[in-house]
Amino acid sequence: MRKPRKAAATPDEVELFRASVSDVIPLPGPGRVRHELPPPQPVPAQRLRDDRQTLKESLSHQHPWDAGAESGEELCYLRHGVGTHVLRKLRRGHWVIQDELDLHGLTVEDAHALLVVFLNQCVRRGLRCVRVIHGKGLRSKNREPVLKRKVAGWLMRRDEILAYCQARQADGGSGAVIVLLKGVSRDS
């Protein structure tokens with residue numbers, strides 16, 4: 001329902017209003033400066049969505065950490081702050097391999113659980129250099145190494161891992177990785 005429209009003021013009413021307010025003195029201003037507020041910062045909605053998706057994928061066992069990075073290059077990793085000479089020595093076999101873990105034929109979940117237990121035991125025992133055999137993936141679907149990428153991602157997330165690299169041909173080649181663990185301080 002529409003409201004009835006007010007009739008416009010007649011010229012006599014306008015003149016009468018102006019005469020009645022002609023002696024009015026305006027109030028002094030408050031003496032305040034009104035600052036314009038800066039516009040709000042834009043919300044990076046796409047970036048927030050991407051960050052949420054990345055976090056979700058990193059916590060999921062369904063997607064490999066480097067799904068699109070199939071490069072065929074050897075695995076290698078060096079923790080930030082560790083000199084490149086450490087990786088060179090690891091590649092050349094400077095450290096003696098003190099223990100190994102074979103993950104052949106395991107599911108991703110079983111391999112992850114076994115790797116965590118193995119690394120925890122190695123740290124407790126004070127081992128410095130170990131080999132993790134993940135296999136070359138020759139018997140897996142599409143003949144692609146599933147565990148190779150998974151193991152690389154899991155190792156990177158562990159604080160006690162200083163470096164790792166693909167094993168030398170004599171130690172397993174592209175089907176294994178040599179892992180260098182932090183040394184235990186014997187000061188206590």
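The values are calculated or read from the model by the stated rules, or taken from the named source; none is laboratory data. Computed from a predicted structure; not experimentally measured. Glycine gets a Cβ as well: all are built from the backbone with ideal geometry, and neighbour counts include every protein chain shown.
Below are the figures for this structure:
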| quantity | calculated |
| --- | --- |
| Pairs with Cβ under 8 Å, 6+ apart, first in the stretch 77-91 and of a type outside the set (D, E, K, R), second part of a helix (DSSP H, G or I) | Tyr77/Ala152; Tyr77/Leu155; Tyr77/Met156; Leu78/Thr84; Leu78/Val86; Leu78/Leu87 |
| Residue that is over 28 Å from Leu59 (Cβ atoms) and surrounded by 15 or more Cβ atoms within 10 Å (Cβ to Cβ), where the choices are Ile178, Ile161, Ile97 | Ile97 |
| The stretch 170-188 residues that are closer than 14 Å to Arg124 by Cβ, paired with ones that are part of a helix (DSSP H, G or I) and at pLDDT 85 or above (beta carbon under 7 Å, 6 or more apart) | Leu181/Cys122; Leu181/Val123 |
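Results for (1) of a type in the set (S, T, N, Q); (2) at pLDDT 85 or above; (3) not in a helix (DSSP H, G or I), shown as yes or no for each residue.
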{"position": "Met1", "(1), (2), (3)": "no, no, yes"}
{"position": "Asp12", "(1), (2), (3)": "no, yes, no"}
{"position": "Ala19", "(1), (2), (3)": "no, yes, no"}
{"position": "Glu36", "(1), (2), (3)": "no, yes, yes"}
{"position": "Gln41", "(1), (2), (3)": "yes, yes, yes"}
